[in-house]
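Okay, so here's the structure we're looking at.
The values are calculated or read from the model by the stated rules, or taken from the named source; none is laboratory data. Everything numeric in this text was worked out from a predicted model, so none of it was measured. Virtual Cβ from ideal backbone geometry, glycine too; neighbours counted across all protein chains shown.
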Amino acid sequence: MKNIAVIGAGTMGNGIAHTFAQFGFNVKLIDISEAALERGLATIGKNLDRMIAKEKITEADKTATLNNIVTFTSIPEGTKGVELVVEAATENIDLKLSIFKQLDEVCAPDTILATNTSSISITQIAAVTNRPDKVIGMHFMNPVPIMKLVEIIRGYSTSDVVNDQIVALSKEVNKIPVEVNDYPGFVANRILMPMINESIETLYNGVAGVKEIDTVMKLGMAHPMGPLQLADFIGLDVCLSILQVMYDGFKNPKYAPCPLLVNMVTAGKLGVKSGEGFYDYSTSRKAEVVAPMFS
């Protein structure tokens, strides 16, 4: 398995493409937007430059990695001859189901179809294909080239052979695969998102401000980043989407998104990607608090 297609050139997609290309895989990076592909390649180049500066790779390694990536704006063209497709599109169930229907139609029958979804049911995604035994979850962590964990999620029909292949492949790119079962949020987000949501509730209820909440969690719990700043980096829209999937899946009010989170997403305050969330990222690299404390 040396030929891989990655769908989506955003943060997760370009990180996944970077990782596979760095380990010698032939990667086809697919996005409907040529501009998104250009931004994705630029991001990969910058991240490789950071690795060079830290003496983790050489200039030759950077050149080889970039040469291993070819871009496409068409799924049929970009998936020709690949053994694995990793979908890393927006965390939207309708979009993902549409992509997997198309992948099932255009990919060779033995091609494995993986999704980087952070919360959506693998079984539900697999059900729109004629190869549910070959559909699996590969939930990479951000930033992909650095973070070691990959959650491997089997759908109801995922075969042992496919599961074992994906576990072995994850190890080939120096990741640590952890197998989990197919329930909303899996493990990482089932634990992380309620913590982030409760942090937003704490702000919303006027218990403490943004910096105070993040400082307590950093100093008291040894977290490298506070939950509100982490939410900004994940994307508040992504956090909201995951919480909604979990709330719909479990029908448990503890997963209901905080009204403040809903309002911020509605207002377009999505975190780093929009330049403003709980912190302001628009003027300098040092984040300044912008979210008010509610009471």
Residue by residue through segment 243-295, note down the ones that are of a type in the set (A, V, I, L, M, F, W, C), modelled with pLDDT of 85 or more and within 13 Å of Leu228 (Cβ to Cβ).
Cys258, Leu260, Leu261, Met264, Val272, Phe278
If you go through segment 93-100 one residue at a time, do you hit one that is at pLDDT below 95 and closer than 19 Å to Ala188 by Cβ?
yes
Which pairs turn up if I take residues in segment 189-215 that are more than 30 Å from Gly137 (Cβ to Cβ) and in contact (Cβ under 8 Å) with a residue 24 or more places away in the chain and look for partners that are small (Gly, Ala, Ser) and part of a loop (DSSP other than H, G, I, E, B) with beta carbon separation below 6 Å, at least 6 apart in sequence or on another chain?
Gly206/Ser295; Val210/Ala291
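So which helices (runs of 4 or more DSSP H) are wholly in segment 184-241 and hold at least 2 residues that are in the same structural domain as Phe278 (by TED's automatic domain parsing) and surrounded by fewer than 18 Cβ atoms within 10 Å (Cβ to Cβ)?
Numbers: elements: 188-204, 210-221, 227-234.
Passing ranges, in order: 188-204, 210-221.
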Would you be able to say whether some residue in segment 102-117 is over 23 Å from Ile75 (Cα atoms), assigned by TED's automatic domain parsing to the domain that holds Ala21 and surrounded by 17 or more Cβ atoms within 10 Å (Cβ to Cβ)?
no
Any idea which residue in segment 118-169 is surrounded by the fewest Cβ atoms within 10 Å (Cβ to Cβ), counting only those that are charged (D, E, K, R) and assigned to a loop (DSSP other than H, G, I, E, B)?
Lys148
What are the residues in segment 130-145 that are more than 11 Å from the chain's Cα centre (by Cα) and not basic (Lys, Arg), if any?
Asn130, Pro132, Asp133, Val135, Ile136, Gly137, Pro145
Tally time: how many residues in segment 30-47 are over 15 Å from the mean Cα position of the chain (by Cα) and surrounded by 24 or more Cβ atoms within 10 Å (Cβ to Cβ)?
3
